[in-house]
1. Report the relative contact order of segment 50-190, percent, no decimals, based on alpha-carbon pairs under 8 angstrom and at least 6 residues apart.
2. So, counting K/R as plus one and D/E as minus one, what does the shell of residues with Cβ under 15 Å around VAL103 add up to?
3. Could you do me a favour and compute the accessible area per residue for segment 112-251, 1.4 Å probe, result in Å²?
4. When the Kirkwood radius is taken over all Cα pairs of segment 75-208, what Stokes-Einstein diffusion coefficient follows at 20 °C and 1.002 mPa s, in µm²/s?
5. First select every other residue whose beta carbon is under 13 angstrom from the beta carbon of GLN175; then total the charges, Lys and Arg +1, Asp and Glu -1.
6. Go from 0 up to the bin containing the longest alpha carbon distance in segment 126-177, width 10 Å each, and give me the % of pairs per bin.
7. Computed from the mean reciprocal separation of all distinct C-alpha pairs, what Kirkwood hydrodynamic radius does segment 169-272 have, in Å?
8. Can you tally the net charge around SER87? Count Lys and Arg as +1, Asp and Glu as -1, for every other residue whose Cβ sits under 13 Å from the Cβ of SER87.
Amino acid sequence: MTVPTSAPASRTFDLRDGLTVTVTQQGDATAAGGTGVLLLHGAGGPLTVAGFGAALAEDTYVITPVHPGFDGQPRPDWTDRVSDLASAYLDLLDILDLRQVLVIGSSMGGWVAAEMALRDNHRRIGGLVLLNAAGIQAGGQEIADITSLTPAELGRLSFYNPAFRPDLSALNEQQLAAVAANQRTLAVYAADPYLHDPKLRRRLHRVTVPVLVAWGEEDGVIPVDYGRAYAESFPNGRFELIPEAGHLPHLEQAARTLELVRNFADSEVARPVAG
């Protein structure tokens, strides 16, 4: 059944110790019946998942936070680890009193999702979807150091279809400054070690919720075998390859990615029980 959609609304939540999180809310929370989707962006910022969030909101309630420090959002000095983001978003789910939440994370956001599942002692999470996620160490598989790449090089590694590669020459000075600021924020959270926690993979056996790891086949940033290793690390994980897509399959193959997510949610993620 399709949930009635509503215009996106922005809301800022005060969490603790000076930490605030601004989220975009889409879809009908009441019709969703106490559940929904938490959609977590990667290093490119919330715009990289905005269209996907709008599509998901046709079926359910969707909340999309802006990670503190990205897109000009404030970041307290103590919020400097991916684990801090994971705890913050679990606090957010408590405030909203959502259950059986499907947490979807792209790239760095997938790492946050995995860390959330490990800390979910209030049992708010019903399943995970990791889209070309960072976070683990996978044998000889290496994540490309995007901080050392030119924008053109990063575009070639990130996108299979040249039409999706951003043209930074078209950006004005303010927009370029925002891109640079996001990269600096990424470095705060994940520069050393780069985009992973060496101990994370061995902890993932404790995540018992169903996990879909979906991967753009042509990703030059995080290779496909890395994704397979991620899926194998969960006791209830499965891997899906998305052809003709790179690091952001929800952009290049939006319909296919949406179908995978909806089928997974319908078949694997239980709805909350009232009361």
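The values are calculated or read from the model by the stated rules, or taken from the named source; none is laboratory data. These numbers were taken from a predicted model, which means no experiment stands behind them. Positions of Cβ are generated from backbone atoms using ideal geometry, with glycine treated the same way; all protein chains shown enter the neighbour counts. When the accessible area is computed, the model is the full protein with side chains, heavy atoms only, and any ligands, DNA or RNA have been set aside. Shrake-Rupley method; radii C 1.70, N 1.55, O 1.52, S 1.80 Å.
1. Details: 129 pairs, mean separation 32.8, N = 141.
Once divided by the residue count of segment 50-190, the mean separation gives 23 percent.
2. Details: positive: ARG99, ARG119, ARG123, ARG124; negative: ASP91, ASP94, GLU115, ASP120, GLU268.
Net charge around VAL103: -1.
3. 48 Å²
4. Values: Rh = 16.5 Å.
Rounded, D is 130 µm²/s.
5. So the surrounding residues net to -3.
6. 18, 38, 31, 12, 1
7. 16.0 Å
8. Taking every other residue near SER87 into account, the sum is -3.
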